[in-house]
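Below is one structure, written out as structure tokens, with a few remarks after it.
The values are calculated or read from the model by the stated rules, or taken from the named source; none is laboratory data. Just so we're clear, the structure is a prediction, and the values are computed from it rather than from any experiment. Here the Cβ is made from the backbone with ideal geometry for all residues, glycine too, and neighbour counts use every protein chain on show.
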């Protein structure tokens, strides 16, 4: 019985190298539990799908990096890089608040979504409609990012270019590790997601903020909580952050360093003494895709200006 991964071809014809590569990649990823067998392509679908809906900023970023942008017909609102994605493609809503009707109206041949995309009712409707869905795990470790790129490329029919991009990304992570090993005493970093209504929402242990802080050679000052949780003034003062880290692409994060450190919450922290506030683009900082080694390097340079962190030598690799 022929493998369901094998694309249709004339009887007796030899498989193309790309087809074999994609089939092997999909088999490996399915065995590794990256997506369910029901998400694997049928023989008629195994060729590169020509109508893709990307749900998750990193999904869109990887597809563009693989040169598949012309096959993308819809994206979610977190797909902010490259900027033309949201400008040129139809929107299907927020990654966790998808419009099933919007997705169906685009008649996609493949929907690639980050694990946790929803709501569940919308995903059920898409499944019932018989759409091919691929769920990509959100693993924020260096190995997880590399595997994520491979998984996206495999389901999109671009296993070979994805393997090259994954290898380039791994080399950049390796270089980043070398830079990390030469850092001075590690600084304590507090990631602040929002300051609304007098509540300080921070990134604790096992959060995406925790992952990028560690990649940049810092110590997460909010390990007293898990995930993204509010932290009161006393806990923030006790956390003693050397640096406050925030995203800059949110209207709630426009306060100047003077305004931030005038707040009682932060005025008594070591960060206040040096007005140490770092802001970075949210998707660049927390997207965990091909740009993540560069983002971690840029954060490292901001955390340790005295170390004169050099650019990644592999950053300009093709």
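The sole residue among 142, 184 that is buried (at least 20 other Cβ atoms within 10 Å of the Cβ), under 16 Å from residue 299 (Cβ atoms), touching a residue at least 24 places away in the same chain (Cβ under 8 Å) and in contact with a helix residue (DSSP H, G or I) (Cβ under 8 Å, 6 or more places away or on another chain) is 142. Evaluate the following for residue 34: is it assigned to a helix (DSSP H, G or I), surrounded by 20 or more Cβ atoms within 10 Å (Cβ to Cβ) and modelled with pLDDT under 95? In short, no.
Residue 238 meets each of the listed conditions (1) under 17 Å from residue 278 (Cβ atoms); (2) outside any strand (DSSP E or B) apart from (1).
Could you pull out every one of the strands (runs of 3 or more DSSP E) wholly within the stretch 131-232 that has 1 or more residues that are at positive phi and out of contact with any strand residue (DSSP E or B) (no Cβ under 6 Å at 6 or more places or on another chain)?
Output list is empty.
On the stretch given as the stretch 106-125, residues that are out of contact with any strand residue (DSSP E or B) (no Cβ under 6 Å at 6 or more places or on another chain) and not in a loop (DSSP other than H, G, I, E, B) total 5. Here residue 300 passes the criteria (1) surrounded by fewer than 18 Cβ atoms within 10 Å (Cβ to Cβ); (2) modelled with pLDDT of 95 or more except the one numbered (1).
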